[in-house]
Amino acid sequence: MLEVLTGSGLAASAGLNAYIPLLLMGLLARYTDLVDLPSGWQWLGNGWVVLILAVLLAVEVVADKVPVVDHVNDVVQTVVRPTAGGLAFGAGSSSQTVTVSDPDTFFSSHQWVPVVVGVLIALGVHLLKAAARPVINATTAGFGAPVASTAEDATSAIMSVVAILLPVLVLAFLLGLVVFLFWLLRRRKDRRRERAAARAAGFRV
């Protein structure tokens, strides 16, 4: 079960920022004993891969904080984040960590399953993030973009660490995402009602 929670936390993290969980796993595998990547995923700890992920993360961090540019970035990331989520789930659920000591027994016969699950989780989180950003930009005249992006990056980083060290707490993060989804849907419904009321008032004038 911990394998699923670790993979789910890393995939959800990738849905917010594609590169943070992969970079974190690469760094921990390369420089610490907290993560022992299996043979099929050891490329994540390669020095060049770590460097490329760090550069891509820097670009993502800047682009996601600029209104309008963040929307274009979300469109591009519709492919990148789910892919990263699949990789993060596959690598994370198959790795030995401080909490997962025997991952082979869980996904031994269907190695593709964690990758597909990770893609779906990351895609869901990404779509939630992409839907929330226009609402935040509209209600704050664009000033909320850097604040929201910073909060998303911080959440991605914290969730990645928690997924590796304390995977049980991933349940709390996933519950928080569900609560946020309900808030977002309600907010979008309220905005549609407000626009309809404004149009009706304009016609009366």
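The values are calculated or read from the model by the stated rules, or taken from the named source; none is laboratory data. Not measured: the values here are computed from a predicted model. Methodologically, a virtual Cβ is constructed for each residue, glycine included, from the backbone with ideal geometry; neighbour enumeration extends over all protein chains shown. Areas reflect the complete protein model, heavy atoms only, side chains present, ligands, DNA and RNA absent. Shrake-Rupley method; radii C 1.70, N 1.55, O 1.52, S 1.80 Å.
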Given (1) of a type outside the set (A, V, I, L, M); (2) surrounded by fewer than 16 Cβ atoms within 10 Å (Cβ to Cβ); (3) more than 14 Å from the chain's Cα centre (by Cα); (4) within 20 Å of L22 (Cα to Cα), number of the condition T139 does not satisfy: (4)
So, T99, is that one modelled with pLDDT of 85 or more, open to solvent by 10 Å² or more (accessible area, probe 1.4 Å) and either not aliphatic (A, V, I, L, M) or not in a helix (DSSP H, G or I) (or both) or not? no
Filter segment 15-54 for residues that are surrounded by fewer than 12 Cβ atoms within 10 Å (Cβ to Cβ) and without any contact (Cβ under 8 Å) to a residue 40 or more places away in the chain and give the result. Y31, T32, D33, S39, G47, W48
Please pick out the residue among V69, V61 that is modelled with pLDDT under 90, under 30 Å from P134 (Cα atoms) and in contact with a helix residue (DSSP H, G or I) (Cβ under 6 Å, 6 or more places away or on another chain). V69
Sort out which residues of segment 1-14 are more than 11 Å from S160 (Cβ to Cβ), open to solvent by less than 30 Å² (accessible area, probe 1.4 Å) and not polar (S, T, N, Q), and write them in order of number. E3, L5, G7
Is it true that W48 is over 13 Å from L24 (Cα atoms), of a type in the set (A, V, I, L, M, F, W, C) and touching a Gly at 6+ places or on another chain (Cβ under 9 Å)? no
